[in-house]
Amino acid sequence: AERRGAVWKSTSECATRLNLDLAGHAATKAPGEWDAIFIFGGYGADGCIPSHSFVACLEVDEHRGTGSWIPTKPQGVTPSDRYGLSAVTNGHGIYIFGGTGPAEDTRAAAAPDRGAVCHNDCAILSLQQPHRPVWRRDRHGHGFPGEPPLPRHGHASAIKGRDVFIVGGSTSGSYCKKDPAPRLLNDVHLLTLSATAKS
């Protein structure tokens, strides 16, 4: 029987192609009424992580089922390059958490033997002015008050109201200095955003 209410469509009609094969990236909707999707991080077909904390924006024409990539170069201090991160949208901002990236500030392959490190930081892409994104850090520096989750990648995140849930993931073994034994995680962490928080 045919299921109605949802239909898969190809977006090959996009006016501009991304020109970069990606895996391990995160995607989430733009804040407010802006019909756009933001993509963060990931690694390319060559196994390398795109430099400069890769961010892309796809503006979507919902009625035509098409979209176009627009140039996105956020201002501010960018998070380190990474893949296996997560992203959620709240208010005027997008919150990214965790992921794995090069151990040094150089372009490096996303493979254990090339040197990498897991993260447990949280960065905010402020979109109060939609086409002028700015990276911001919480005033506490490392992230938010309280004990953050272990560094990880490949986890999932979701938001309900002001509550951001971080679920599972992998410590990636030697990637994580604080947790050298490789293991998968089954924990759940909750980050409650302030009702007065401005992104």
(request) Taking all protein chains together and a probe of 1.4 Å, list Thr89, Thr100 from the most accessible to the least accessible. (result) Thr89, Thr100
(message) Can you compute the label reach from Gln128? Point 7 Å from Cα along the Cβ direction, backbone N cut-off under 15 Å, restricted to region 57-96.
(response) 75-76, 91-94
(message) At 7 Å along Cα-to-Cβ for each site, give me the label-to-label distance between Lys29 and Val77 in nm.
(response) 3.2
(request) With r as the distance between the Cβ atoms of Thr192 and Asp21 and R0 = 45 Å, compute the FRET efficiency 1/(1 + (r/R0)^6) and round to 0.05. (result) 0.75
(request) Highest first, please rank the peptides 144-155, 27-38, 66-77 by the mean number of other Cβ atoms sitting within 10 Å of their residues. (result) 144-155, 27-38, 66-77
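The values are calculated or read from the model by the stated rules, or taken from the named source; none is laboratory data. Everything numeric here is computed off the predicted structure, so don't read it as measured data. Note that we place each Cβ from the backbone using ideal geometry, even for glycine, and neighbour counts take in every protein chain shown. Ligands, DNA and RNA are excluded from the accessible area calculation, which covers all protein heavy atoms including side chains. Shrake-Rupley method; radii C 1.70, N 1.55, O 1.52, S 1.80 Å.
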